[in-house]
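Colleague: There's a structure below that I have some questions on.
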Amino acid sequence: MNVKLGLRANWAQFSLLVLVNAFVGGMAGLERSILPAIAEQEFGIAARAAILSFIVAFGLTKAAANYLAGRLADQLGRRRILIAGWLLALPVPFLLMYAPNWNWIVFANVLLGISQGLTWSVTVIMKIDLAGPRQRGLAMGLNEFAGYVAVAGSALGTAWIAAAYGLRPEPFYLGVVLAVLGLLLSVFAVRETRQYAAHETALGGAVPPPLSQHEVFRRTSFTDRNLSSASQAGLVNNLNDGVAWGLFPLWFAALGMSLQQIGLLAAVYPAVWGIAQLATGAWSDRVGRKWLIVAGMWVQSAGIVTVLLAGGMATSLAGAVLLGLGTAMVYPTLLAAVGDVAHPSWRASAVGVYRLWRDLGYAAGALLAGLVADRFGMQEAIGAVAALTFASGLVVALRMRETPP
């Protein structure tokens, strides 16, 4: 097989993987608008920490699956892990439709977290394989664009369906369609890409000694200044995303907004995030990663503060746009930075470790927001997350070095 790196040389398979990741993102967006309302209205749950338990379950399992996906992708190949992730996604919409109590909802999010960790991680790794070093930022921008625009469309769609037909089961029919299409494409159209990583390794000349999984974890988490800075920024980024997912709908409802308005706000943030990544990913290839990450974390913090101070729809919308722009500056750039630093021979494992820390942010954000909101109020919980996000950007500014591709 003639292996060539680059988006132009691999446009057909790359485009297919972009489409598959759109289906992955659509599955993640099913709950964003309506699950807190289901908790309150159908199951009578009032405590914020209990409502956000579904995000804790999702974040913990997705983080673990990210790490596992990175290891298995190096050992068994990418495509097999992708198919396994879609098989785990199939029961999720049915569990959400017919769950008799909240524990079933939490279990659905365990399955969803594992599925998302496997499918999204592998599509990231496969695109890094195909793109090669020169277009890594652009590749990650396209990947995350597809995923998060689909998150936005799914969040908006389920909110409008719920407003028209009720909270269950109709909004989750969309999930059945997405899971079936994603599985069929992965089985019959997606091809293995592990050989592209091997080709990039060969082009690099001398291969360094192989790293153990323990060493990859240690470098990515703690000892390498760039990889560990990216890991903590990824964690805090998803910490505030978890708060936007679980607490913002309750905050907007407390401001007197309708379900349609909440759905629009829940969709605008990932839509801006997704679309802007088309520019920010490629921009990082030209201007570098570090200061785009720093600025993005600070713009996110400003967006959260704007939501906190909002008194109506217009200000809330401005906050959602700022949060989306800041996240777009950070999200593909962090992935590209990890790809810059990690050697192709252990890059998939490093991506898995980075995504482990990043998606632990969902659980950390849900726990922090739930406990602080129950003890002090939602306003204080949202303010604490804004402060943490700003501090994370400061850590990157002081510790991270530039990572040219």
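The values are calculated or read from the model by the stated rules, or taken from the named source; none is laboratory data. Only a predicted model underlies this, so the values are computations on that prediction, with no experimental measurement involved. Counting neighbours? That spans all protein chains shown, and the Cβs are built from the backbone with ideal geometry, glycine included.
Colleague: Between a first residue in segment 293-313 that is free of Cβ contacts under 8 Å to residues at least 24 places away in the same chain and closer than 19 Å to Met257 by Cα and a second residue that is buried (at least 21 other Cβ atoms within 10 Å of the Cβ) and among the charged types (D, E, K, R), which pairs have beta carbons less than 8 Å apart while being 6 or more apart in sequence or on different chains?
Modeller: none
Colleague: Take segment 300-337 and flag every residue that is surrounded by fewer than 21 Cβ atoms within 10 Å (Cβ to Cβ) and either more than 25 Å from Gln379 (Cα to Cα) or among the β-branched types (Val, Ile, Thr) (or both).
Modeller: Scanning segment 300-337 gives Val305, Thr306, Thr315, Val321.
Colleague: Right, here's the next one. List every residue pair whose Cβ atoms sit under 7 Å apart, with the two residues 6 or more apart in sequence or on different chains, where the first one lies in segment 1-15 and is at pLDDT below 95 and surrounded by 11 or more Cβ atoms within 10 Å (Cβ to Cβ) and the second, anywhere, is of a type in the set (Phe, Trp, Tyr) and outside any loop (DSSP other than H, G, I, E, B).
Modeller: Val3/Tyr196; Leu5/Tyr196; Leu7/Phe14
Colleague: Turning to a different aspect of this structure: Kindly establish whether Tyr98 is surrounded by fewer than 24 Cβ atoms within 10 Å (Cβ to Cβ), among the hydroxyl-bearing types (Ser, Thr, Tyr) and on the phi < 0 side of the Ramachandran plot.
Modeller: When the stated conditions are applied, Tyr98 passes them.
Colleague: I'd like to check which helices (runs of 4 or more DSSP H) are fully inside segment 161-258 and have at least 2 residues that are at pLDDT below 95 and surrounded by fewer than 22 Cβ atoms within 10 Å (Cβ to Cβ).
Modeller: Qualifying helices (runs of 4 or more DSSP H): 194-203, 213-218, 248-254.
Colleague: A further question follows. How do the helices (runs of 4 or more DSSP H) wholly within segment 48-95 filter down when requiring 1 or more residues that are within 21 Å of Glu31 (Cα to Cα) and in contact with a Ser or Thr (Cβ under 8 Å, 6 or more places away or on another chain): which remain?
Modeller: Ranges flagged: 53-76, 78-89.
Each row is one residue, and each column tells you yes or no for (1) among the aliphatic types (A, V, I, L, M); (2) over 19 Å from the mean Cα position of the chain (by Cα).
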| position | (1), (2) |
| --- | --- |
| Ser229 | no, no |
| Val243 | yes, no |
| Ala254 | yes, yes |
| Val268 | yes, no |
| Ile304 | yes, no |
| Thr315 | no, yes |
| Gly326 | no, no |
| Ala337 | yes, no |
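Colleague: Taking the condition surrounded by fewer than 24 Cβ atoms within 10 Å (Cβ to Cβ), under 16 Å from the mean Cα position of the chain (by Cα), among the aliphatic types (A, V, I, L, M) and within 21 Å of Ser115 (Cβ to Cβ), does Val18 pass?
Modeller: Yes; evaluated as a whole, the condition is true for this residue.
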